1. Can you spot a residue in region 91-100 that is on the phi > 0 side of the Ramachandran plot, surrounded by fewer than 21 Cβ atoms within 10 Å (Cβ to Cβ) and not basic (Lys, Arg)?
2. Can you find even one residue in region 67-81 that is over 23 Å from Leu37 (Cβ atoms), surrounded by fewer than 18 Cβ atoms within 10 Å (Cβ to Cβ) and out of contact with any strand residue (DSSP E or B) (no Cβ under 9 Å at 6 or more places or on another chain)?
3. I'd like to check something: does region 24-41 contain any residue that is among the basic types (Lys, Arg) and touching a helix residue (DSSP H, G or I) at 6+ places or on another chain (Cβ under 8 Å)?
4. Got a number for residues in region 136-145 being farther than 12 Å from Gly60 by Cβ and either in contact (Cβ under 8 Å) with a residue 60 or more places away in the chain or not hydroxyl-bearing (Ser, Thr, Tyr) (or both)?
5. Output the residue which, of all residues in region 116-145 that are out of contact with any helix residue (DSSP H, G or I) (no Cβ under 9 Å at 6 or more places or on another chain) and assigned to a helix (DSSP H, G or I), is surrounded by the most Cβ atoms within 10 Å (Cβ to Cβ).
6. Would you mind telling me which numbered condition in (1) within 17 Å of the chain's Cα centre (by Cα); (2) assigned to a loop (DSSP other than H, G, I, E, B); (3) in contact (Cβ under 8 Å) with a residue 60 or more places away in the chain; (4) loosely packed, with under 13 Cβ neighbours inside 10 Å Thr153 fails?
7. Find the helices (runs of 4 or more DSSP H) located wholly in region 1-115 whose residues include 2 or more that are polar (S, T, N, Q), and list them.
8. Under 6 Å between Cβ atoms, which residue pairs at least 6 apart in sequence (or on different chains) link something in region 93-111 that is in contact (Cβ under 8 Å) with a residue 12 or more places away in the chain and of a type in the set (Lys, Arg) with a partner that is buried (at least 20 other Cβ atoms within 10 Å of the Cβ) and not in a loop (DSSP other than H, G, I, E, B)?
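The values are calculated or read from the model by the stated rules, or taken from the named source; none is laboratory data. Keep in mind that this is a model prediction, so the values were computed, not measured. We place every Cβ from the backbone using ideal geometry, glycine too, and count neighbours over all the protein chains shown.
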Amino acid sequence: MPRIEPLAEVPDQPMGQLNIFKTLGKHPKVFEAFGRLGGLLLSGKGFPPRERELVILRTGWRSGSVYEWGQHVVIGRREGVTDAELRRLRTPGLDGWPEADRPLVAFADELCQTNTVTDATWAALAARFDEQQLIELTILVGFYRLVAGALNTLAVELDEGVPGWDAGD
């Protein structure tokens, strides 16, 4: 049961009538700010979409947010995340990850665990991404940790047709 009953619908919501929006819509100022930052991070104009989704999914799993996980399984599949990768994202450690993806998963793990990343992880990502992308990546993990905490605390229910933890099995 949700802790806050969602609105029946959110007027003029281009992202759809998802439970997260119908819940946050009960606080219009937070909803507006949330939408601006979330929309920017999901725009695909800064950080590559597939890599973004790997990081969001790992952050959702590390944060214990089935809602975040399920919504981003849908988005991630659209951006090229495979079922094998979904299974691997739910497995601790970096075994099986190709060299290009390993630092992305490590980045999410380290930030979720210690609120910082190692110099080795940073250097691997800095060799591939520019400064703006590195800033965006850092904000991405922080934003989705905040989202996961809000979703879990508010007990936002999965939307119809959205997979749970077993996606990719």
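1. yes
2. Of all residues in region 67-81, those over 23 Å from Leu37 (Cβ atoms) come to 77, 80.
Those left that are additionally surrounded by fewer than 18 Cβ atoms within 10 Å (Cβ to Cβ): 77, 80.
If we keep only those that are out of contact with any strand residue (DSSP E or B) (no Cβ under 9 Å at 6 or more places or on another chain) as well, we get 77, 80.
Within region 67-81, one or more residues are over 23 Å from Leu37 (Cβ atoms), surrounded by fewer than 18 Cβ atoms within 10 Å (Cβ to Cβ) and out of contact with any strand residue (DSSP E or B) (no Cβ under 9 Å at 6 or more places or on another chain).
3. no
4. Within region 136-145, the first condition is being farther than 12 Å from Gly60 by Cβ, and the residues that meet it are 136-139, 142.
With the extra rule that they be either in contact (Cβ under 8 Å) with a residue 60 or more places away in the chain or not hydroxyl-bearing (Ser, Thr, Tyr) (or both), the set shrinks to 136-137, 139, 142.
The number of residues fulfilling the criteria is 4.
5. Step by step, filter region 116-145, then rank; the result is Ile135.
6. (2)
7. In region 1-115, 19-24, 102-114 are the helices (runs of 4 or more DSSP H) which contain 2 or more residues that are polar (S, T, N, Q).
8. Note: no pairs meet the criteria.
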